[in-house]
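The values are calculated or read from the model by the stated rules, or taken from the named source; none is laboratory data. On a predicted model such as this, the values are computed, not experimentally measured, just so you know. Quick reminder, even Gly has a Cβ in these numbers, built from the backbone with ideal geometry, and neighbours come from all protein chains shown. These area figures cover heavy atoms from the full protein model, side chains too; ligands, DNA and RNA do not enter into them. Shrake-Rupley method; radii C 1.70, N 1.55, O 1.52, S 1.80 Å.
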There are 2 protein chains.
Amino acid sequence: MADQFDGHGRTPLGAVPFIACMAIVALAAAMSAAKDEDPLPSWSDGARKDAIVAFVRDTTTAGSAMFVPPEQRIATFDQDGTLWVEHPIYTQILFCLDRVPAVVEARPELRMQEPFKTVLSGDHAAIARLGLEDLETIAGATLSGMTVEQFSVEVRQWLARSRHPRWDRPYTELVYQPMLELLQYLRANGFRTCIVTGGGQDFVRAYAHEVYGIPPEQVIGSAGATRFEIDADGRAVLVKEPKILLLNDGAGKPEDIHLMLGGRPIAAFGNSTGDQQMLQYAGTGGRSRLMMLVLHDDATREYAYGPANGLPDTRVGTFTQALADEARTRDWHVISMKNDWLQLFPFDAAP
Amino acid sequence: MADQFDGHGRTPLGAVPFIACMAIVALAAAMSAAKDEDPLPSWSDGARKDAIVAFVRDTTTAGSAMFVPPEQRIATFDQDGTLWVEHPIYTQILFCLDRVPAVVEARPELRMQEPFKTVLSGDHAAIARLGLEDLETIAGATLSGMTVEQFSVEVRQWLARSRHPRWDRPYTELVYQPMLELLQYLRANGFRTCIVTGGGQDFVRAYAHEVYGIPPEQVIGSAGATRFEIDADGRAVLVKEPKILLLNDGAGKPEDIHLMLGGRPIAAFGNSTGDQQMLQYAGTGGRSRLMMLVLHDDATREYAYGPANGLPDTRVGTFTQALADEARTRDWHVISMKNDWLQLFPFDAAP
């Protein structure tokens, strides 16, 4: 600070009024902007938008009975189906399937073994029929054996060259514009916005900062073990192991939030039964809470699924009738993608 | 946690002018202090202090070849023996031993079982002879069965009433003044200062903010599993389980740093073989690195131990000859408590 003053060569007597003046200008601008600028332009006017704005106002207004100090302003977000498209299948599974040829190249003994044989066959129907255990075998083989740094590079390279078949766009563009606005709005009000995903922690961390503005330490996900070793160049590295350490789904979500952050969220956002316990955990911690579930009811702009709405169940996030009932009982908001979101993706026309 | 806030009932109306006033006072103080104040007054002039100041200058000066952007400025600190006294035994073990009567009250079948019987006997010599396995059994029984919030309260209550026998002061006062200055100096320069301890994560998180200014999410420690449940009042809680999830020592330190932070530290501080891999991990990640080990060679003001210095080995952190040799080879600094630190504890006279 002193250096800046000395270095500029201005008479420090003049610099102080200048800074004070700038501060006043900035303050005035913020005050006028606060009045006219809508922080959530992609959200329809209505109960959901009102609830978000009221929650942020109440928790950040000194003197409010609902005031929450900044260090306790933790908001947690599921990723698949809450922040980005999860249909027809989780993006990370596609990454794993695409890595199978490279893994088989390195370990030829897997070529004739299932489920690798089916994946290599290119038979889409057969691949779509693979069960959970098969997918876990594939995940174990394709998400291990490299250093954590190499893995991060591979994820970013894959994301750069892969496209969602429906939109022919990178998966990282298929993020929901209203949720990007919500993340930004919360952060501007002193919240930490954390991703709490059933997906792989190392996978999501590879792009979360660029795509969501969320740094690695605020991404909590399923995690495999790593093995510390000194490589041939004398460098200490962590090699990804085919062994699950955290399965970050259902009750695992609040458990891992405690492990990683040591605090209870005051806001939580999800879209399926895998998020139920996270919303319960956020919701029963005290006053000043906001819980929301995204309902995929927009077959035109995205997809419509989830038995809660009489919509078909799928292999991705399940919004059951029981979850819909619990949402009603506990005053969790259900976001209708069709009605509450005016603009769906960043590349769509602004409302 | 939020209940605490709701319950405090301070007048937030009064808080704002107070905070504004404090900010102005702090700003004025910083402006006048920047030029003449030594950020490390408890450190002797010499190689260690010079290395710290040079490292901070190089990593934070835009345009420097060693510049590191703020989000990568991670510094990790072992706790026991690095930030506070670990002799004659780790503080957390005393906490566990003191909890045994309460545990036996709740589970009378343990009264006649070892090692609980020995602990209850009050025979100090016999207790001191308990092996690692016994201590693990005691830890499992005394660090589980309550919610994470209850546990945090119990830790704070115990720390408030317990005293170190040598100084007759709370353990939380037996922190090293030079390290408090270093933590503050690094944070003032955009670093995140993280504790990476073999001790219990929930234990250290209960006081780390108050004692070191380090928030819960920047405390990485050994961790037990928790079990999510809905309690009798309908509240979602996490109950501590007698099951180890992370053993944060040795290779576990870099592995857990990756798990919790997703980044590699550029500075690391320890005092024993349990910190070796953490320092290797920090040290081989690139340029602009600082690694330091505290050598306990001050029998007058604290303790002298560690075979590296021809000092006796103990049951706490071991500074072996091999570690001393590695420090020399890898250009890790060894801090002599006796020579490099002018003032040891915050309650000692300032130099």
Point to revise | Checklist (1) polar (S, T, N, Q); (2) open to solvent by 30 Å² or more (accessible area, probe 1.4 Å); (3) closer than 30 Å to B:Glu71 by Cβ applied to B:Gln321, failing item | key: (3)
Study note, to complete from the structure: Among B:Glu210, B:Glu217, the single one that is at the interface with another protein chain (Cβ under 8 Å from one of its Cβ atoms), closer than 21 Å to B:Leu180 by Cα and open to solvent by 10 Å² or more (accessible area, probe 1.4 Å) is B:Glu217
Review point. Does B:Arg235 satisfy the criteria of being assigned by TED's automatic domain parsing to the domain that holds B:Phe203, closer than 17 Å to B:Arg73 by Cα and charged (D, E, K, R)?
Key: no
Exercise for review: For segment B:222-239, name all the residues that are more than 10 Å from every other protein chain (Cβ to nearest Cβ) and either closer than 20 Å to B:Thr91 by Cα or surrounded by 23 or more Cβ atoms within 10 Å (Cβ to Cβ) (or both).
Suggested key: B:Ser222
Check your understanding: Quick check, is A:Ala20 in a helix (DSSP H, G or I), modelled with pLDDT under 50 and more than 29 Å from A:Ala206 (Cα to Cα)?
Key -> yes
Review point. When only residues in segment B:23-70 that are modelled with pLDDT of 95 or more and among the acidic types (Asp, Glu) count, which is least open to solvent (accessible area, probe 1.4 Å)?
Key: B:Asp58
Revision key, fill the gap. Those residues of segment B:73-94 that are open to solvent by less than 10 Å² (accessible area, probe 1.4 Å), out of contact with any Lys or Arg (no Cβ under 9 Å at 6 or more places or on another chain) and in a strand (DSSP E or B) come to a total of 2
Exercise for review: From the list A:Leu120, A:Leu130, A:Leu183, A:Leu159, pick out the single residue that is over 28 Å from B:Arg264 (Cβ atoms) and in a helix (DSSP H, G or I).
Suggested key: A:Leu120
Review point. Only one of these conditions is not met by B:Phe203: (1) open to solvent by less than 10 Å² (accessible area, probe 1.4 Å); (2) touching a helix residue (DSSP H, G or I) at 6+ places or on another chain (Cβ under 6 Å); (3) within 10 Å of chain A (Cβ to nearest Cβ). Which number is it?
Key: (3)
**Study point:** Members of segment B:288-299 that are farther than 18 Å from B:Thr329 by Cβ, in a strand (DSSP E or B) and open to solvent by 10 Å² or more (accessible area, probe 1.4 Å)
**Key:** B:Asp297
Review point. Out of segment A:127-170, which residues are open to solvent by less than 20 Å² (accessible area, probe 1.4 Å) and of a type outside the set (S, T, N, Q)?
Key: A:Leu130, A:Ile138, A:Ala141, A:Met146, A:Val148, A:Phe151, A:Val155, A:Trp158, A:Leu159, A:His164
Check your understanding: Out of curiosity, is A:Ala322 out of contact with any Gly (no Cβ under 7 Å at 6 or more places or on another chain) and away from chain B (no Cβ under 13 Å)?
Key -> yes
Check your understanding: Out of the residues in segment B:241-287 that are at the interface with chain A (Cβ under 10 Å from one of its Cβ atoms), outside any loop (DSSP other than H, G, I, E, B) and of a type in the set (D, E, K, R), which is surrounded by the most Cβ atoms within 10 Å (Cβ to Cβ)?
Key -> B:Lys253
Review point. What is the number of the single condition among (1) open to solvent by 10 Å² or more (accessible area, probe 1.4 Å); (2) in a loop (DSSP other than H, G, I, E, B) that B:Val334 does not meet?
Key: (2)
